Structure formats: structure tokens, C-alpha cells
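*Asks:* Just passing along the structure, written as C-alpha cells.
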Amino acid sequence: MTVAIDADRFRRRFDEFNQIGATERGGVNRPALSDANERARDQLVEWFEEAGLTVRIDEMGNLFGRRDGADPDADPVLFGSHVDSQYNGGQYDGVIGVLGALEVIETLEDADIRTDRPLEVVSWSNEEGVRFQPDMLGSGVYTDVFDLEYAYERTDDDDLSFREELERIGYRGETPCEHDDLHSYYEMHVEQGPYLLENDCSVGVVEGVYGFSWMNVAFDGKADHAGPTPMHLRNDALVATSDVIQAVRRLTAVGGPDLVGTVGSVEVSPNSINVIPERVECTVDFRSYDNAVVDEAVAQIEREIAAAAEREGLEYELEEIMRVDADPFDDDCLERIEDAAQTVGAEYMRMTSGAGHDANYLNTICPTAMIFVPSEDGISHTEDEFTEWDDVVTGTNVLLHTVLASAGGDGR
Ligand SMILES: [Zn+2]
């Protein structure tokens, strides 16, 4: 008989956990290093210990729970996600990956299965990046993307530092935040998009994550009175900005099937009803799984920005502040997930992710892949986030069999 998780136990635990920081509209408010995030961590530590895991907390507050393997010196299989949330975020994002990993451990305990390799469950610090930027800070330090001191110096809107707040909630651990050799890393997460449900699938085998470009754009024109200034004498920075917004939308229609583009931030000054906008700063975000498509979109929007500035008689500045290439996951890990989906009898599809995850950083140090479960209406980062529990259960069973295939032993 195929071993399977206890869906009811997992549900009870999920509901209990999401009472921490619960909002009236059915979401959770547990931003990184908040009081609610502290209570969520306390709960995880308690449950990890009850499940027989050896808990360790590193200097970034990343929380690990280890279960020894028959071969204690073998490289461990690491799996998990995060439990910090957006402000008034959803119950599923990150949470199912951590509690699902714990459920996998409990299932192995119940079935008396000892893997060859050690297993480690992880809950990463500050994945969301809403209170302390950048996001994925805990996994970023763990994988040497960021220095520890850089992370500690990040501040929130009240000028409280990551380090102070981590110490305040009692989660600045002793373990150095650095990675050991790992056999593999897996993360189950909600899709945050509509494709799985559109394709009647309960599981996504995530081949990799989109690459992206972030640009800052600024137009400089001339402030003047909105009444007496005739139209032909205006240098309106917001008019050029609106051309850029439209151009981004047009480019995504022809730039490639998966190209997405967003102008997500616009700051107008002086931002007054009767003054012509003198300066506008805005951002452009382009993403695709095809790096050449991002390259081309960036080249095109540069031309559009120059043309918009010229039409309106403006100076402009353009800076690409971040460029990350598409990140393909490990073929062997993907095959294990696909095999596990077949073992479990899940409807699955291969897909890519438009959003970044801790798995991106883990992918730079060890073989990595992700499992997606559907998001109702593709919605995430809000209290309305919803995934059918059956799909969470199916995804967690896929995680279970993926971990078993990776860790070897009598579970096979
Ligand atoms: Zn997440």
C-alpha cells in the first residue's frame, strides 16, 4: 500500500496555526518579526519538537527541524517554505509548505519509515519582504546571496532594524547562517496564478522561475499653472509617463507568449490639481521564462521612453536596477516530483513560475525543484487566497513521495 499523509490531522493543524494573527476577513497578518510571527514560530518549534525533530535556529532566525537518517553522515534532504505573511495576507502562501513538510515527517513516524538520508524541515525568515526589503532575506543569507550584516541592517518603516526585531522576538539563534552540503531542496507552494485550475490539474511540477528586469524611470519637465499655460507650451512629465504605461501593455501583447509587464509605482510631483506635473518617477517590471524576451522588451521600452520624452520636450533618466535571469530547476528533482505525482495518482502538469521563491536561492547551492498546488482565481497576497484542501493534500502526498525517493531507505 502506498503511504499517505493524514489529511484530517494536517487540516486541524492548519486551522489552529492560522488562528495566530487571524484577521476578521479570514486572512492572517503575520509580517516578518512581528508579535504574531513570533507566536507562529513558537508554535512551529513546539510542533517540530513533538514530532521528534531536533530544532536549531540560525543567526537569521531560519528555523530547522532535523530527523536523522540511517546514514547520519549523508547529505540531508531539505524541504519547507515560510510562515511570514503579507500585511493582511492569506492563509496558504508559505504555510502549506512548512506545515506540509511537518505532516510528511509525522507520516513517516507513524509508518515507522526510516530514510537513509537525514531529513530537514525549514521555515525561512522574511520571505515576503513587506516589512524588511529585500524579500527572501533568510534564504538569501543562507545561500551567500547577502551578507549577514547587510541583512541585520535592513530597517522597517519605523526604523527598527532586522537585527533588533529578531532579538526582540527571541529568534536570533546561535547556529551560523550558512549552508552545509545538501542532497536536494523541495518547496511546495500555492501557484499564485490561474494555470493549474485552467488545466484541471491539482499539482504543478515547477521547471523554473521567470527571469525579470526592474527599471527606474524619471521624466523631468516644467511645472506651471494649469490655467494660463497653453497646451503647446507644456512639458508635462505625466503625459510621457502615461505613454510608457501604454507602451508596456502593448509590448506584452507581442513580445512573447509569457511576457508580462507592469508599471507598479508612479510618483508625481508636485502632484497638485492645478499644476502641470514637473517630475515623474515610475518603475517598469518585465518578466518571462525566456531571457531573450526580457532583453528585447527592455530594448523596446528604452526606445519608447526616449520617444515619449522627445515628444513632450522632457529630460529623462533610465536605470535598470535589477536583472535576474530565468532560473531552471534540477532535472532529477523534477523527475522525482513527476514520478511521485504518478504514484499518488495526481493530475499534474509541468509549468513555470512568474513569482520568485526561496527555492530560487536554494537552487544556486543544491539540486532544487518546486511543487505547486492551485490558487482559486489565481489570487494570492490577499485575505481571499484559497486552495481546495484536497489539492493541498494531493500536493503534500507528492512532497512525501518526492522526499522518500530523494532520501532512500525502506520507504521506497
Ligand atoms: Zn510564499
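*Asks:* Just want to confirm a number: the relative contact order over the chain, from Cα pairs under 8 angstrom separated by 6+ residues, in percent.
*Replies:* Relative contact order, the chain: 23 percent.
*Asks:* Can you compute the modelled spin-label distance between ASP200 and ALA253, with each label point 7 Å from Cα toward Cβ, in nm?
*Replies:* The answer from the label model is 3.2 nm.
*Asks:* If you stretched the chain out fully between VAL260 and ASN216, how much longer would it get, using 0.36 nm times the residue separation minus the C-alpha to C-alpha distance?
*Replies:* Contour length minus Cα-Cα distance gives 14.1 nm.
*Asks:* Could I have the simple spin-label model distance between ASP147 and GLU164, label points 7 Å from Cα toward Cβ, reported in nm to one decimal?
*Replies:* Placing both labels 7 Å along Cα→Cβ, they lie 2.1 nm apart.
*Asks:* Using Cα centres only, tell me the gap between segment 40-73 and segment 289-319 in whole Å.
*Replies:* For segment 40-73 versus segment 289-319, the Cα centre distance is 48 Å.
*Asks:* Can you give the extra length, in nm with one decimal, that the chain gains between ALA292 and ASP157 once fully stretched, where that is 0.36 nm per residue apart less the Cα-Cα distance?
*Replies:* Result for the pair: 44.9 nm of gain on full extension.
*Asks:* Also, I was wondering about something else. Taking segment 1-87, which GluC sites (Glu not before Pro) meet the DSSP loop condition and have no more than 13 other C-beta atoms within 10 Å?
*Replies:* GLU24
*Asks:* Here's a follow-up. Once the other residues with Cβ under 12 Å from the Cβ of GLU320 are scored (Lys, Arg +1; Asp, Glu -1), what is the net sum? Please report the intermediate quantities before stating the final value.
*Replies:* Values: positive: ARG323; negative: ASP285, ASP295, GLU302, GLU317, GLU319.
Net charge in that neighbourhood comes out at -4.
*Asks:* Now for a separate question. Find which of LEU399, TYR152, GLY26 sits farthest along the positive direction of the dipole of the chain, computed with +1 on the beta-carbon of Lys and Arg, -1 on that of Asp and Glu, about the Cα centre.
*Replies:* Going by the Cα projections, it comes out as GLY26.
*Asks:* Give a quick list of chymotrypsin sites (Phe, Trp or Tyr not before Pro) in segment 28-89 that DSSP marks as loop, anything other than H, G, I, E or B, with at most 16 other Cβ atoms within 10 Å.
*Replies:* Sparse-neighbourhood loop chymotrypsin sites (Phe, Trp or Tyr not before Pro): TYR87.
*Asks:* Principal axis extents for segment 211-324, Cα atoms only, whole Å, descending order, please.
*Replies:* 49, 21, 20
*Asks:* Roughly speaking, what is the stretch gain from ASP75 to ASP285, that is 0.36 nm per residue apart minus the C-alpha to C-alpha distance, in nm to one decimal?
*Replies:* Length difference between fully extended and current span is 71.8 nm.
*Asks:* Between ARG279 and residues 5 or more places away or on another chain, which pairs have amide H atoms under 5 Å apart, with H built 1.01 Å from N, and which residues are they?
*Replies:* Hits under the 5 Å cutoff: GLY221, SER269.
*Asks:* Also, I was wondering about something else. Going by Cα centres, segment 178-204 and segment 105-158 are how many Å apart?
*Replies:* 16 Å
*Asks:* Residue by residue through segment 26-39, what is 3J(HN,Hα) from phi via Karplus (6.51 cos²θ - 1.76 cosθ + 1.60, θ = phi - 60°)? Round to whole Hz and write x for glycine and proline.
*Replies:* x, x, 9, 10, 9, x, 3, 6, 7, 4, 5, 5, 4, 5
*Asks:* Could you run the Karplus curve 6.51 cos²θ - 1.76 cosθ + 1.60 with θ = phi - 60° over segment 348-353 and give me ³J(HN,Hα) per residue in whole Hz, x for Gly and Pro?
*Replies:* 9, 9, 7, 7, 10, 10
*Asks:* Evaluate the relative contact order of segment 211-324 (contact order divided by residue number), counting alpha-carbon pairs under 8 angstrom at least 6 apart; express in whole percent.
*Replies:* 46 percent
*Asks:* Roll a 1.4 Å probe over the protein chains and send me the accessible area per residue for segment 211-324 in Å².
*Replies:* Numbers: 6230 Å² over 114 residues.
Accessible area per residue: 55 Å².
*Asks:* Still on this structure: Got a sec? Charge dipole of segment 1-149, +1 on Cβ for Lys and Arg, -1 for Asp and Glu; which of ALA74, TYR87, VAL141 is way out at the positive end?
*Replies:* The one lying farthest along the dipole's positive direction is TYR87.
*Asks:* Report D for segment 119-165 in µm² per second (integer): Stokes-Einstein, Kirkwood Rh on Cα pairs, 25 °C, 0.890 mPa s.
*Replies:* Roughly 225 µm²/s, to the nearest whole number.
*Asks:* Now a separate question. Quick one: pull the percentage of alpha-carbon pairs in the chain with a separation above 26 Å.
*Replies:* Roughly 57 percent, rounded to a whole number.
*Asks:* Carbon and sulfur atoms: what percent of the 1.4 Å accessible area of the chain do they account for?
*Replies:* 43 percent
*Asks:* Sequence-distant or interchain residues sharing an amide H contact under 5 Å with ILE113, placed H: which?
*Replies:* Under 5 Å from the amide H of ILE113: no residue qualifies.
*Asks:* Between ARG323 and SER269, what is the label-point separation in nm under the 7 Å Cα-to-beta-carbon projection?
*Replies:* 2.9 nm
*Asks:* At a Förster distance of 45 Å, what's the computed FRET efficiency of MET231 paired with ASP180, Cβ-Cβ distance as r, to 0.05?
*Replies:* 0.10
The values are calculated or read from the model by the stated rules, or taken from the named source; none is laboratory data. None of these values were measured; they are calculated from a predicted model. All Cβ positions, even for glycine, are placed from backbone atoms using ideal geometry, and neighbour counts span all protein chains on display. Ligands, DNA and RNA are stripped out before the accessible areas are found, and what is left, the full protein with its side chains, is counted by its heavy atoms. Shrake-Rupley method; radii C 1.70, N 1.55, O 1.52, S 1.80 Å.
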